[in-house]
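K.L.:
Below is one structure. I have some questions about it.
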Amino acid sequence: MSQNYDLAEAAEYLRCKPYFLEEHLKELPHQRMGRSISFDESELEEIKEMFRVRPAQQATTSAPLALASIQPSKRRRKTG
C-alpha cells in the first residue's frame, strides 16, 4: 500500500514550496477528495519527471565558433 502525502509533505518530498504545487495543481497529477488534496508516490515521481531537465545533446558535426567569426552587435550604446 502506498502512502499519501498532503501538500506540505509533497512539497517536502519534491523539495519545492507548497505554493508551487498549489499554483500548478491543474497541470499536476493528484487526488482530490472534497477539498482535501493528496499525492501518492507514483504521482510525485510523475511530477518529478515532468520537470526533469536534461542537457541538449551536442551535435558532433558542428565545429565550435572561431573567435574571429564573432561580430559586435549593430546596436551600440550611446553615451553622453
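The values are calculated or read from the model by the stated rules, or taken from the named source; none is laboratory data. Everything numeric in this text was worked out from a predicted model, so none of it was measured. We place every Cβ from the backbone using ideal geometry, glycine too, and count neighbours over all the protein chains shown.
K.L.:
Tally up the residues in the stretch 4-19 that are among the aromatic types (Phe, Trp, Tyr) and in a helix (DSSP H, G or I), please.
P.N.:
Qualifying residue count, the stretch 4-19: 2.
K.L.:
Pairs please, first residue from the stretch 13-34 and under 15 Å from Met50 (Cα atoms), second anywhere and of a type in the set (S, T, N, Q), Cβ atoms under 9 Å, 6+ apart in sequence or on different chains.
P.N.:
Taking only residues 6 or more apart or on different chains, the pairs are Pro29/Ser42; His30/Ser38.
A quick yes/no check of all residues on (1) surrounded by 10 or more Cβ atoms within 10 Å (Cβ to Cβ); (2) under 30 Å from Pro18 (Cβ atoms); (3) acidic (Asp, Glu); (4) modelled with pLDDT of 70 or more:
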site: Glu41; (1), (2), (3), (4): yes, yes, yes, yes
site: Ala56; (1), (2), (3), (4): no, no, no, yes
site: Leu67; (1), (2), (3), (4): no, no, no, no
site: Gln71; (1), (2), (3), (4): no, no, no, yes
site: Thr79; (1), (2), (3), (4): no, no, no, no
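K.L.:
Let me ask something else about it. Could you please give the count of residues in the stretch 20-37 that are among the charged types (D, E, K, R) and in a loop (DSSP other than H, G, I, E, B)?
P.N.:
1
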